[in-house]
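Data first, discussion second: the structure below is written as structure tokens.
Values quoted throughout were computed directly from the atomic coordinates according to the rules given, and no laboratory measurement underlies them. From a predicted model like this one, the values you see are computed outputs, not experimental measurements. Here the Cβ positions follow ideal geometry from the backbone for every residue, glycine too, while neighbour counts run over all protein chains shown.
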Amino acid sequence: MRKWWENAVIYQVYPRSFQDSDNDGIGDLQGIINRLPYIKKLGADVIWLNPVYRSPDRDNGYDVSDYEDIQPVFGNMQVFDTLLAKAHQLGIKLVMDLVVNHSSDQQKWFVESKKSQDNPYHDYYIWVDGKPGKLPNNWGSYFSGPAWTYDQKLGQYYMHLFAKEQPELNWRNPDMRQAVYKMMRWWLDKGIDGFRMDSIGLLDKPDGYPDAPNPGHALYADAQPIVADGKRLDSYLKEMNQEVLSKYDVVSIGEMIGSKLEDAKRYTGRDNHELDMIFQFEHVTLTPNPDKRLGKWNDAPVKLTDLKKSLSRWQTGLNQTGWNSLYWNNHDQPRAVSRFGNDSEKYRVISAKMLALTLHLLKGTPYIYQGEELGMTNCHYTDISQYQDLESVNAFSELVNQEKIVDQATMLKYLAAMSRDNARTPMQWDTSTNAGFSQGTPWMAVNPNYQTINAADQVNDPDSVFGFYQQLIKLRHSSDLVVYGDYQELDPADDQVFAYRREYQGQKLLVISNFTTDTLKRDYGQTGADQLVISNYHDDQLVELRPYEAKAYLLNE
Ligand code: TEU
């Protein structure tokens, strides 16, 4: 049986940076309501909203202090209900972020948990006995420092894989799990259309919390390899599915950092009753720094052959059995056009369209991160004082100042390439003050390139990046071949062109994307008799591929 999300395109809204309606410099729910017609015009079917729950904002809302309340700077529950109703009136579904690998340290469960070892909420979190100065293991936090914080009063450490204000929830506790399910039902009963589940691959921690391998001898080891995809994870997901998800016609999307294809087959397996799809990280982690201590920090461009190999493996691996999420970027990743395309004045538009075409004609559910549809670029910061994201700021201080593993200039290059702040500059609506994002002082400076890159300039121009995304979404909506076709990669060793075929009930699609500034010749057997379905150039030269040219033919063979 077909599912509604199979031919859907999901638009990701990062509320802080989308649209401010009350001029406090921070985007809000009313701002999103005001911009619903824009999302409708683009043609997206679903909005995924990053967290809007009440939060002390240590990590921009990923530290939830009240799961059933709205962050006051974003609005209140009434405005949320209006957003949901108005989106539904327009035929747009709404998916919420669900942050239950950890909560805020201000959340009532943690406040209770800390009171005493016999408090009923104590076991909602992961505590181990210990002594000050002697950490339970070598795990580091994603945001620098150790993954443990000592509580003097209890004589225990609590675990946090992210900031110390984000304690890990204890999934081994059935009461805690039931409390989470109850909260999920509360939102689903309101009528929301699903959840994107934050860090869900990390829920199950290994027995005894053993040390993680630390090949590069970093100050703290990367815990992910031994935490991700824990042995009890499938049973938690099945229970959640049975108790909650299966009772509603909704979509479930797991954020699974570190998950392998074999894991994803279980999580998204059609008859496995866990999740509908996952965000896997393979294609956005293809260039780890050779110095393991530097983790994700580097500025090496990805090799096209590696990118093709990875995406192709997932395409064929989940074909028929599971389902892929398709994304180039999100609120944690650099901007697609800056990372995989070319954000120079000359090639930005053409390469942004090329990337869009490459991704949107794959099999799976495509995600568009706000501003991607305009070809928004990285922020190109050159000074550490410009950064706000705690991951970037902490990494700089730890790696440059404390550990002295990398010099300042090099780390600034790495941050410019990889920092999460690249994705978080405000949405560029028009050429007015602050790009039309806010009349107040934006919480984060607008990228000065808004004078040339903005929505107003593009929404009525079929030739714009926005117009191209509109075309791609329409194409998906009208084509079972695009939604359900099998995938076959062509010429895996070609390091300049990404070409693939799709096939469904005798219909065949040929997709060709030039990832370079060179003019190339490639012959995949396309002829004048084939129908050019979409292209980012105005005319077609069949075998000649101009810089960043991308096109798809319906084959007549
Ligand atoms: O991210 C989880 C995650 O593992 C990484 O993407 C991480 O944020 C980091 O960028 C690794 O370099 C999710 C959210 O998407 C992220 O915004 C949150 O900060 C994080 O969880 C904690 O909730």
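Structural remarks
- For the chain, the longest principal axis of the C-alpha atoms and the axis of helix 233-243 are separated by about 90°.
- Here each label is just a point 7 Å from Cα along the line to Cβ, and for LEU532 and TRP4 those points are 3.8 nm apart.
- Distance violations [Cα-Cα > 24 Å] among LYS296/LYS353; LYS238/LYS260; LYS260/LYS303; LYS3/LYS93: LYS296/LYS353
- Residue order, fewest to most surrounding Cβ atoms within 10 angstrom, among SER478, SER113: SER478, SER113
- The stretch 16-75 and the stretch 340-386: distance between their alpha carbon centers, rounded to Å: 22
- Put a dot 7 Å past the Cα of LYS260, heading toward its Cβ, do the same for SER397, and the two dots end up 3.7 nm apart.
- Relative to the longest principal axis of the Cα atoms of the chain, the long axis of helix 465-477 makes an angle of roughly 90 degrees.
- Over the residues of the chain, the helix contribution to mean residue ellipticity at 222 nm works out to -7500 deg cm²/dmol, using -39500 (n - 2.57) for each DSSP H run of at least 4.
- Full-stretch length increase - SER385, ASN23 - with 0.36 nm per residue and alpha-carbon distance subtracted: 127.9 nm
- Computed from Cα atoms, the angle from the helix 304-318 axis to the main principal axis of the chain rounds to 80 degrees.
- Residues of the stretch 385-405 with amide N under 16 Å of the 7 Å Cα→Cβ point at HIS217: 403-405
- Summarising the label geometry, the points placed 7 Å from Cα in the beta-carbon direction at ASP306 and LEU542 lie 3.7 nm from one another.
- Gain in span if fully extended, ASN76 to THR452, counting 0.36 nm per residue against the direct Cα distance: 131.9 nm
- DSSP bridge analysis restricted to the chain gives an antiparallel fraction near 60%, rounded to the nearest 5.
- Here the extension length gained between GLU345 and LYS404 equals 17.6 nm, from 0.36 nm per residue of separation less the Cα-Cα distance.
- Compactness relative to 2.2 N^0.38 Å, alpha carbon Rg of the chain: 0.96
- Ellipsoid equivalent to the stretch 246-325 - semi-axes via the Cα gyration tensor, in Å: 28, 14, 9
- Residues of type lysines that LYS134 reaches as a straight line, Cα spacing below 19 Å, ignoring anything fewer than 8 places off in the same chain: LYS153, LYS164
- Cα centroid separation - the stretch 87-136 against the stretch 427-451, whole Å: 35
- Centre separation in Å (Cα based) which lies between the stretch 187-219 and the stretch 248-285: 13
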